[in-house]
1. Out of the residues in region 287-321 that are free of Cβ contacts under 8 Å to residues at least 24 places away in the same chain and of a type in the set (A, V, I, L, M, F, W, C), which is farthest from residue 268 (Cα to Cα)?
2. Condition check: within 16 Å of the ligand (Cβ to nearest atom) and buried (at least 16 other Cβ atoms within 10 Å of the Cβ). Does residue 75 satisfy that?
3. Limited to region 48-63, what total is found for residues that are within 13 Å of the ligand (Cβ to nearest atom), open to solvent by 10 Å² or more (accessible area, probe 1.4 Å) and either in contact with a Pro (Cβ under 7 Å, 6 or more places away or on another chain) or not charged (D, E, K, R) (or both)?
4. Of these, 8, 39, which one is more than 24 Å from residue 182 (Cβ to Cβ), open to solvent by 20 Å² or more (accessible area, probe 1.4 Å), among the charged types (D, E, K, R) and assigned to a helix (DSSP H, G or I)?
5. Residue 139 - would you say it is over 30 Å from residue 87 (Cα atoms) and of a type outside the set (Asp, Glu)?
6. Quick check, is residue 66 within 16 Å of the ligand (Cβ to nearest atom) and of a type in the set (Ser, Thr, Tyr)?
7. Consider residue 21 carefully, then state whether it is part of a helix (DSSP H, G or I), touching a residue at least 24 places away in the same chain (Cβ under 8 Å) and within 30 Å of residue 141 (Cβ to Cβ).
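The values are calculated or read from the model by the stated rules, or taken from the named source; none is laboratory data. Here the structure is a predicted model, which means the values were calculated and not measured. So basically every Cβ, Gly included, is an ideal-geometry build from the backbone, and we count neighbours across all protein chains shown. Ligands, DNA and RNA are stripped out before the accessible areas are found, and what is left, the full protein with its side chains, is counted by its heavy atoms. Shrake-Rupley method; radii C 1.70, N 1.55, O 1.52, S 1.80 Å.
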Amino acid sequence: MIVDSFLKNSSWSKKDLICVEDLSLNEIREVFALADIFKKSLIDDSTKIPYLSGKTVVSLFFEPSTRTRTAFEMAAHKLGADVISVTSAASSSVKGETLKDTARNIEALMADMIIVRHSASGAAKYLADRIKIPVINAGDGAHAHPTQALLDTFTMREKFGGTDNFAGRKVTILGDILFSRVARSNIHALNKLGAKVTLAGPSTLVPPEFGKLGVKVTYNLYEAISDADVVMLLRIQHERQRANYFPSIGEYANIFGLGKLREPLLKSGAIIMHPGPINRGVELDSELADSDRSVILNQVTNGVAVRMAVMRLCMNAATRQKNAALRSK
Ligand code: CP
């Protein structure tokens, strides 16, 4: 009932979620508030919460994934939807079928929503413009990973004690920023929420142009982490790099890796985040990844409730748009 009333009063009007830039602060608040309700339901009662009952969600992953795909599929199951997984290796894309044809065929099969991950920046938007059912971006190239940023900021919000408590908080994102869709989406989400963002890493992977996004850029580890409330580590995305951006992994770890010896540099109470997968011993050592400061597994758990909220809000908007189109006929 509480969800029905929430959805009735929701101002969310997007059938698709492509990037955080498209969201207003109010829409981010709506995701958080609905995710709060779903998270409570998941903790209190493991039975399904049938707000997508009768719907079929297709997860279309053209890149590997553990967390995002499982969390979306788990979220869809929890909402009572049927879930069909399509991976690139087992799809007709290997026979030359285009992304557009793949999606249009899934729509023709009467699917109700597509969750898509693709190596090409812009792939999710490209599909959303060409099919009528909701498209949710599960990561497109180095462009955007909106649900990751929403679950990351949802997790910070739990630490900060509310959406209104981001103002003045310092969040450092450390690592391969250049190739990171997670960094881009988090920068936009954190800017909207009022946090102060610092980007750090090798200068080849943190170009000064990122400063135009209203963030601080530094190549000094001490400066980056010593006053941060949150330190978010990112792995080196070798799969997107076409050149050597630093001499060796060992040298990267020596200069920018966060290990036990560097823990005293952190503020008391500072938390450690990572979107995963972690390359242990490179950007983050196990002593810290598994320490009390780490909220990495909280991020993963929150990913289910946040994706439940996003899927339900997008479906709500799609249903409203469909009903409005029927009424205008
Ligand atoms: N955070 C993230 O996108 O992880 P996966 O690649 O495992 O989905």
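1. Among them, the one singled out is 297.
2. Spelling it out, residue 75 is indeed within 16 Å of the ligand (Cβ to nearest atom) and buried (at least 16 other Cβ atoms within 10 Å of the Cβ).
3. Looking only at that region, the number is 1.
4. Working: 39 fails: more than 24 Å from residue 182 (Cβ to Cβ).
Sole residue among the options that is more than 24 Å from residue 182 (Cβ to Cβ), open to solvent by 20 Å² or more (accessible area, probe 1.4 Å), among the charged types (D, E, K, R) and assigned to a helix (DSSP H, G or I): 8.
5. For residue 139, the condition - over 30 Å from residue 87 (Cα atoms) and of a type outside the set (Asp, Glu) - is not met.
6. yes
7. Details: part of a helix (DSSP H, G or I): yes; touching a residue at least 24 places away in the same chain (Cβ under 8 Å): yes; within 30 Å of residue 141 (Cβ to Cβ): yes.
Yes.
Conditions (1) farther than 24 Å from residue 188 by Cβ; (2) away from the ligand (no atom under 15 Å from the Cβ), marked per residue:
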| site | (1), (2) |
| --- | --- |
| 118 | no, no |
| 125 | no, yes |
| 131 | yes, yes |
| 134 | no, yes |
| 140 | no, no |
| 146 | no, no |
